[in-house]
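To start, the structure under review is shown below, and the notes come after it.
The values are calculated or read from the model by the stated rules, or taken from the named source; none is laboratory data. On a predicted model such as this, the values are computed, not experimentally measured, just so you know. Cβ placement follows ideal geometry from the backbone for every residue including glycine, while neighbour counts extend to all protein chains displayed. Protein only, heavy atoms only, side chains kept; ligands, DNA and RNA dropped before computing areas. Shrake-Rupley method; radii C 1.70, N 1.55, O 1.52, S 1.80 Å.
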Amino acid sequence: MLSFAPSRVACRSALGGALLLCMAAACAGDRPSSQRADSAGADQGNVMTSTRVDITGAGATFPYPLYARWFNEYAKTSNTRINYQSIGSGAGIRQVVARTVDFGATDVPMTDTELAAAKMRILHIPTVVGAVAITYNLPELTRPLNLSADVIADIFLGKLTKWNDARLAALNPKVALPATDILVVHRADGSGTSYIFSDYLTTVSPPWAAGPGRGKEVPWPAGIGGKGNEGVAGQVKQMPGAIGYLEVVYARQNRLPVAHIRNQAGRFVSPMPFEIATAATSVLDRLASERTSATDLRMSLVDAPGAQSYPIASFTWMLIAPDAIGPVKSQQLASFLRWALLENGDLASTLGYVPLPSDAATRVVDQVEELLSPSVTRP
């Protein structure tokens, strides 16, 4: 079993390369996996039903386009209708805890304190890999801007204020950077995007870790705020010399320039699907090599090892409290996750998202089915 804290690569291990999923209080069932799905409906303990099941969810905005597509397509082939409201990670967590929805979605893992306060098992199930891109307004540039971790941190700390600073020039030797002010743009609202970005800054920069730190809402020491990805992008577009951060899918869809970030291996990499997926794979491979015990998958992918890894990546999670929603809906969600993660990951790719690496997706689904099986011992 695995253990991950909600900050940094808060994971401690994976078994034999496995990505095992269970929460702190969960116990594995002893029924063979081949029987869990196929025997559903055979008796009272197996609760799959031909009756239509309506499921409600709410939470993160980042996966909303993908979830909407998945849920719509799944409704065509199943008796399950899933309605999802895109209201933000924090609100999604609150609604799961309040039991007003059947599942939540978040880009920000719940803390140990939040899980304890919920007084019920809440599973964190990674569904797709995302990333944060850094965009900028430098019309003079004819090639992508190169940035390093220390330079990014000092820009957002307000310590590095000119585009022609010697440190930036050294990272971009073939580019004539303007002698203008750097104008920082950050999120004005709390968001999973800010959490991922601040998680990265906290991981790579001791001054940032000692100062603003990580969170959905950050006490930004410099710059102006924009609401949502649209607000950040709008501010950056309006102001030559501006720099900001946003979800990579939004950046791609709007054809915004994005910086290449120097990773742990010293290579400048762009936030493209292969590089984002490589970050997830490298973290999981490292967990497999550690082989220590664990209990959940609230893991961070920022500053991942590997020559091709993009360093500002993250999972987004579906939150399920099986004891709160009961076995019928739990098993329906398990069936949906198998359909989505193993059979329809290509839908994620067509929308600009990065599917889970295939081995990780298989192990996640196997563990989800085990944990949501009616035969699992309840605490």
Subset of region 155-181 (residues that are assigned to a helix (DSSP H, G or I) and without any contact (Cβ under 8 Å) to a residue 40 or more places away in the chain): ALA166, ARG167, LEU168, ALA169, ALA170
Scan of region 79-95 for residues that are open to solvent by 30 Å² or more (accessible area, probe 1.4 Å) and either in contact with a helix residue (DSSP H, G or I) (Cβ under 6 Å, 6 or more places away or on another chain) or of a type in the set (Ser, Thr, Tyr) (or both), ordered by number: ARG81, SER86
Subset tally (residues that are out of contact with any Asp or Glu (no Cβ under 8 Å at 6 or more places or on another chain) and either more than 15 Å from ILE152 (Cβ to Cβ) or not in a helix (DSSP H, G or I) (or both)) for region 192-214: 4
Which listed residue, of ALA14, ALA25, ALA42, is farther than 14 Å from TRP317 by Cβ, crowded, with 20+ Cβ neighbours inside 10 Å, of a type outside the set (S, T, N, Q) and modelled with pLDDT under 95: ALA14
Failed item, numbered, when MET120 is tested on (1) under 22 Å from SER314 (Cα atoms); (2) in a loop (DSSP other than H, G, I, E, B); (3) open to solvent by 10 Å² or more (accessible area, probe 1.4 Å): (1)
Those residues of region 96-114 which are outside any strand (DSSP E or B), buried (at least 22 other Cβ atoms within 10 Å of the Cβ) and at pLDDT 95 or above, in sequence order: VAL96, VAL101, ASP102
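Would you tally the residues in region 123-140 being open to solvent by 30 Å² or more (accessible area, probe 1.4 Å) and not charged (D, E, K, R)?
As a first pass, look at region 123-140 and keep what is open to solvent by 30 Å² or more (accessible area, probe 1.4 Å): 139-140.
After this cut, where a residue has to be not charged (D, E, K, R) as well, the list is 139.
The total comes to 1.
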Tally of residues being open to solvent by 20 Å² or more (accessible area, probe 1.4 Å) and either closer than 15 Å to ASN229 by Cβ or part of a helix (DSSP H, G or I) (or both) across region 58-78: 8
Cβ pairs under 7 Å, 6+ apart, first in region 201-226 and without any contact (Cβ under 8 Å) to a residue 60 or more places away in the chain, second of a type in the set (D, E, K, R) and open to solvent by 70 Å² or more (accessible area, probe 1.4 Å): SER205/ASP150
Region 238-263, residues that are modelled with pLDDT of 95 or more and open to solvent by 70 Å² or more (accessible area, probe 1.4 Å): GLN238, PRO240, ARG262
